[in-house]
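Notes to accompany the following structure.
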Amino acid sequence: MNKMMSIDIKHHLTDEILMGYSAGTLPEAFNLMVATHVSLCDTCRAQLAACDAVGGILLDEHDVPNTQMQPDSFAATIAMIEQGVPITKAPAVKKPSVLPSPLRDYIGSDLNEIKWRPIGMGVKQAILPTSKQASARLLMIPAGAAMPDHGHNGLEMTMVLQGAFQDDDGYFARGDVDIADSDLEHTPMADIHEDCICLAVSDAPLRFKGILPRIMQSFIRI
Amino acid sequence: MSARSHNVLSRRRSVNFQTATTRLVAVGSKRVTNENKRNLWISHVHRIRDDADKAAFADLYAHFAPRVKGFLINSGADGYLAEECAQEVMATLWHKAHLFDPSRASVATWIFTIARNRKIDILRKQRRPEPEDLTWGPEEEPDQTDVLALQQETETLSKALTALPAAQRELIEQAYFGDMSHSEIAKKTGLPLGTIKSRLRLGLERLRQTMK
């Protein structure tokens with residue numbers, strides 16, 4: 001049984017983000033968000049397939065200017081093929097988890113082994129290693145607690161993995177993605193029933209309004 | 001590789017690229033429709049899978065290899081790297097022909113995703129997180145109804161793309177084949193980001209409506 005399936009997701013990724021994943025132009029942290037969300041969301045999986053199909057149609061039907069293969073290209077490819085089948089990774093064994101497998105690949109373990117670091121007000125985070133154009137981290141907000149009040153310089157996407165939170169944009173439960181761009185200031189508040197665990201990705205550092213969080217921000221990568 | 005496919009491989013070693021290309025042009029002169037062409041690509045992949053058929057591979061190669069190369073050059077690869085990667089993409093098609101599932105993607109879409117993945121690995125040098133359960137099989141033989149449904153959807157999407165106003169189509173092409181983010185497209189065309197985003201959205205919205 002896979003508990004990833006059939007959950008009721010109300011807040012989805014945008015077409016632009018899905019298209020960027022399909023085209024292969026997003027920063028790594030955003031790709032991680034897409035892979036994690038699509039693992040849970042059949043709607044976005046179908047939309048992503050449509051974006052891939054657009055890529056396929058463009059590749060198939062649209063004129064590519066002045067690209068020809070080298071004269072010996074086909075023979076070289078056949079030679080490459082005859083060297084044998086490249087070793088491919090065995091598919092990972094899937095076991096049910098709060099964390100979809102793309103995320104587990106980044107943590108290298110499961111939820112109970114994450115090395116959380118406190119960032120104040122009971123909130124903890126774990127930064128995930130990605131390329132520098134954007135950042136990815138896991139956040140743990142205690143049940144009923146608030147995240148520091150913050151706005152954004154860039155694009156931030158926050159997806160709920162466990163528990164739920166509420167902010168000005170609505171109520172977000174497992175699989176839901178909250179998308180915030182530069183002009184939004186919000187204060188997410190975790191649902192009272194359970195600690196809330198989220199994946200958050202951002203292409204710019206968050207800026208906090210309070211003086212203490214702002215100082216903290218300078219030495220904690222948040 | 002089975003003994004059977006190995007024999008076929010040896011037998012077909014004499015088929016060269018040129019013969020295959022000529023044959024493709026001959027087929028093309030009969031005005032193959034896109035639909036027939038997509039069917040032909042599928043049977044080509046199956047012939048590679050079942051018979052290690054180099055003539056079928058040569059047909060696919062003649063059409064797709066230069067396009068994959070062009071895609072990679074547009075994404076920032078130099079000619080040498082793009083050539084090498086395009087060859088690798090086509091070799092991957094050969095090796096993974098048994099994983100191709102025509103109820104999940106057209107041949108062109110499958111090749112596009114292989115090329116896109118290669119681009120991220122080689123050009124962007126990033127790790128490439130993938131959603132769960134998106135392996136291309138191995139499954140049982142796909143349901144023919146699903147294969148047909150996917151072909152119809154592809155045809156509808158293709159027509160919708162062709163019917164888009166030029167400006168919207170160009171933006172979608174740039175998003176896929178220019179390796180530019182939305183903000184970079186905005187810089188290039190001098191349009192504000194909001195306009196780009198709404199145009200992209202409009203383009204997709206029209207696509208969706210046409211598909212209804």
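For the range A:51-72, the tally of residues that are among the hydrophobic types (A, V, I, L, M, F, W, C) and more than 7 Å from chain B (Cβ to nearest Cβ) stands at 1.
Restricting the range A:113-138 to residues that are free of Cβ contacts under 8 Å to residues at least 40 places away in the same chain and among the charged types (D, E, K, R) leaves a set whose member that is farthest from A:ALA29 (Cα to Cα) is A:GLU113. Of all residues in the range A:17-41, those satisfying the criterion of being assigned to a loop (DSSP other than H, G, I, E, B) and open to solvent by 10 Å² or more (accessible area, probe 1.4 Å) are A:THR25, A:LEU26, A:PRO27.
Hey, among the residues in the range B:130-147 that are more than 20 Å from the chain's Cα centre (by Cα) and surrounded by 15 or more Cβ atoms within 10 Å (Cβ to Cβ), which one's modelled with the lowest pLDDT? Ranking the qualifying residues of the range B:130-147, first place goes to B:ASP133.
Kindly indicate which of A:CYS44, A:CYS51 is in contact with a His (Cβ under 6 Å, 6 or more places away or on another chain), part of a helix (DSSP H, G or I) and at pLDDT below 90.
A:CYS44
For every residue, the table says whether it meets (1) within 14 Å of another protein chain (Cβ to nearest Cβ); (2) within 23 Å of A:THR14 (Cβ to Cβ); (3) not hydroxyl-bearing (Ser, Thr, Tyr).
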site	(1), (2), (3)
A:ARG104	yes, no, yes
A:ILE107	yes, no, yes
A:PRO118	no, no, yes
A:LYS124	no, no, yes
A:ILE127	no, no, yes
A:LEU139	no, yes, yes
A:ALA145	no, no, yes
A:THR158	no, yes, no
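For B:ARG47, indicate whether it is more than 8 Å from chain A (Cβ to nearest Cβ), surrounded by fewer than 24 Cβ atoms within 10 Å (Cβ to Cβ) and in contact (Cβ under 8 Å) with a residue 24 or more places away in the chain. Here the answer is no, as B:ARG47 does not meet what is asked. Condition check for B:ASN117 on (1) at pLDDT below 85; (2) open to solvent by 20 Å² or more (accessible area, probe 1.4 Å); (3) at the interface with chain A (Cβ under 10 Å from one of its Cβ atoms); (4) part of a helix (DSSP H, G or I): one failure, at (1).
Would you please name the residue that is surrounded by the fewest Cβ atoms within 10 Å (Cβ to Cβ), looking only at residues in the range B:148-168 that are closer than 17 Å to A:ALA46 by Cβ and within 16 Å of the chain's Cα centre (by Cα)? For the range B:148-168, the residue satisfying everything is B:GLU153.
The values are calculated or read from the model by the stated rules, or taken from the named source; none is laboratory data. Because the structure is predicted, anything quoted here is derived from the model rather than measured. Quick reminder, even Gly has a Cβ in these numbers, built from the backbone with ideal geometry, and neighbours come from all protein chains shown. Please note that ligands, DNA and RNA were not included when accessible areas were found on the heavy atoms of the full protein model with its side chains. Shrake-Rupley method; radii C 1.70, N 1.55, O 1.52, S 1.80 Å.
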